[in-house]
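The values are calculated or read from the model by the stated rules, or taken from the named source; none is laboratory data. Computed from a predicted structure; not experimentally measured. For neighbour counting, all protein chains shown are included, and Cβ atoms are generated from backbone atoms with ideal geometry for every residue, glycine included.
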Amino acid sequence: MSWQTTRRCTAQFLMSSRHRSANSAAISTDDVLAEAAAADPPVDGGCPQALGQLVDWGNLQSQPDTARVATIEDFYRKRLLYG
């Protein structure tokens, strides 16, 4: 993964955070991916890895997103909230 991908995904994270309500403290991977798909030009598929790298570096914190779990398969699918 290149630094350009990490930088663009970070920008999409910030854009997503600006579109969230003041009551919402965390942003899901899906929110960031939606912003990345709408970007001009669209960000490639490296955003989940870039967000993970930012967590590893200490720039973001992650926690499991269990609010949107509807099935057992959803529970085992890795969904994270970032803040």
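Scanning the stretch 1-29 for residues that are under 22 Å from V69 (Cβ atoms) and either modelled with pLDDT of 80 or more or buried (at least 18 other Cβ atoms within 10 Å of the Cβ) (or both) gives S16, I27, S28, T29. Within the stretch 73-82, identify whether any single residue is without any contact (Cβ under 8 Å) to a residue 12 or more places away in the chain and either aliphatic (A, V, I, L, M) or under 22 Å from S2 (Cβ atoms) (or both), and answer yes or no. No, the conditions are met nowhere in the stretch 73-82. Can you name every residue in the stretch 44-60 that is touching a helix residue (DSSP H, G or I) at 6+ places or on another chain (Cβ under 7 Å) and not in a helix (DSSP H, G or I)? Those that are touching a helix residue (DSSP H, G or I) at 6+ places or on another chain (Cβ under 7 Å) and not in a helix (DSSP H, G or I): D44, G46, L60.
Select from the stretch 40-64 the residues that are surrounded by 14 or more Cβ atoms within 10 Å (Cβ to Cβ) and of a type in the set (G, A, S) and write down the one among them that is modelled with the lowest pLDDT. Here the answer is G46.
Reported count of residues in the stretch 65-82, each being surrounded by fewer than 13 Cβ atoms within 10 Å (Cβ to Cβ) and under 13 Å from the mean Cα position of the chain (by Cα), is 1.
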